[in-house]
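Computed from the coordinates by the stated procedures, all read-outs in this text should not be read as laboratory data. The structure presented is a predicted model; accordingly, all values stated were derived computationally and were not measured. Cβ: placed from backbone, ideal geometry, glycine included. Neighbour counts: every protein chain shown.
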Amino acid sequence: MKRLFATALSALALLAAPVSADEYPDGPITMIVGYSAGGTSDTATRIVAEALSEELGQPVVVENRPGAATTVASNYVKNQEADGYTLYAAAVSIALNPYLQPSVDYSLDDFTALSGLADVPFVLHVNKDLGVSDMDGLIELIKSKPGEIAIGTSGAGAINHLIAEYWKDALGLDAIIIHYQGDAPARQDLMAGNIQMSFTAVTAAEPLVTAGKTVGIAVTSGERLESLPDLPTVAESAGLDGFSATYWMAMMAPAGLPDAVRARLEEALSALAEDDALTQAMKERGLVKTMTDAAAVEARLAKEEEVYGTLIEEVGITAN
């Protein structure tokens, strides 16, 4: 009996022993994404999951948990075991939803930041018959017609809604905000002239601009885009120093991740940062790879809260 008891204690001790970097991972990893299959977030997640699987030597399985602009996924990840076998391709909405929704059951302290993943800049473009072709002309037009120029968004509380409010507020402009159920109907109405302008993800806006179906005014990224090199940034064209607003994603995990597991994941993600094939695969899909460290992610989350959290409260924005 004593020998059996001692054996049981030894087994428990092994189970409780800290995980070493050499031991992790020894099985499949699940990567949660808060949107349905087929969209930009899902595409980015699957590209990274495949590359991470090769780097770690274990399957990385993408699991879609859509709902409430990623709040469903965030609430789920928060309650998972912090063992490195549940990762989260978190969207920027993880920082914004607590300001927009009553159904949020988490704080940023419930997660461990690991690395940036991808950015999707937006294009400010206008109806081709509006009669403006640059930022100065657009600003002048809006000022001459206060409360008449309509900006379309993909929904109340959506990132392009927040960007539109941010832009308006920074320039002191009076324009109407029209919300749609998704980006596609907003694009259709922009081309039809039912709205005059919109901030649209570059993946959807670039074909319209290059085909002459809409007129590109500026991009919301901090630098000009390789795919639309003639479009200036909002910062340079509107004189708004530091203006940068994109949809972005970061790799996160439940809080309390063991140090060895965190170190192994950060090592693998750092390797992906140098992976040219991954960079190209993302670029081909309109994504900008942003494999940064945890400190950069935490700083970015804090900035989003500072800029958009304040704006949401001041304007009284709520999600759909």
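Is the shape of region 276-320 best called rounded, prolate or oblate, per the rule: a/c under 1.5 gives rounded, else a/b larger than b/c gives prolate, else oblate, with a ≥ b ≥ c the square roots of the Cα gyration tensor eigenvalues? Taking the square roots of the gyration eigenvalues as a ≥ b ≥ c, region 276-320 is oblate. Diffusion coefficient of the chain by Stokes-Einstein, Kirkwood radius over Cα pairs, 25 °C, 0.890 mPa s: 117 µm²/s. Packing around the peptides 57-68, 81-92, 188-199, taken as the average count of other Cβ atoms within 10 Å per residue, puts them in this order, highest first: 81-92, 188-199, 57-68. Placing a pseudo-label 7 Å from each Cα along the Cα-to-Cβ vector at SER36 and ALA296 gives an inter-label distance of 3.3 nm.
So what is the relative contact order for the chain, in percent, with contacts set as C-alpha pairs under 8 Å and at least six apart? Once divided by the residue count of the chain, the mean separation gives 26 percent. Computed from label points 7 Å out along Cα-Cβ, the spacing between GLN188 and SER144 is 3.2 nm. Taking the Cα centre of the chain as reference, the dipole from Cβ charges on Lys and Arg (+1) and Asp and Glu (-1) amounts to some 740 debye.
Shape class of region 121-238 from the Cα gyration tensor (axes a ≥ b ≥ c, square roots of the eigenvalues): rounded, since a/c falls below 1.5.
Just give me a number: lysine pairs in the chain, eight or more positions apart or cross-chain, with C-alpha atoms less than 22 Å apart. Lysine pairs meeting both conditions in the chain amount to 9.
A straight line joining the Cα centroids of region 94-146 and region 268-303 runs 20 Å. Does region 219-320 come out rounded, prolate or oblate, given a ≥ b ≥ c as the square roots of the eigenvalues of its C-alpha gyration tensor, rounded meaning a/c under 1.5 and, failing that, prolate meaning a/b above b/c? Oblate, because a/c is 1.5 or more while a/b does not exceed b/c. Take the Cα of GLU306, go 7 Å toward its beta carbon, and the backbone nitrogen atoms of region 237-259 under 14 Å from that spot belong to 242-244.
Can you work out the FRET efficiency for the pair THR210 and ALA277, with r the C-beta to C-beta distance and R0 = 25 Å, to the nearest 0.05? Present the calculation step by step, with values, prior to reporting the outcome.
Details: r = 26 Å, r/R0 = 1.03.
It comes out at approximately 0.45.
Rg/Rh, computed from the Cα trace of region 173-245 with Rh as the Kirkwood radius, has the value 0.96.
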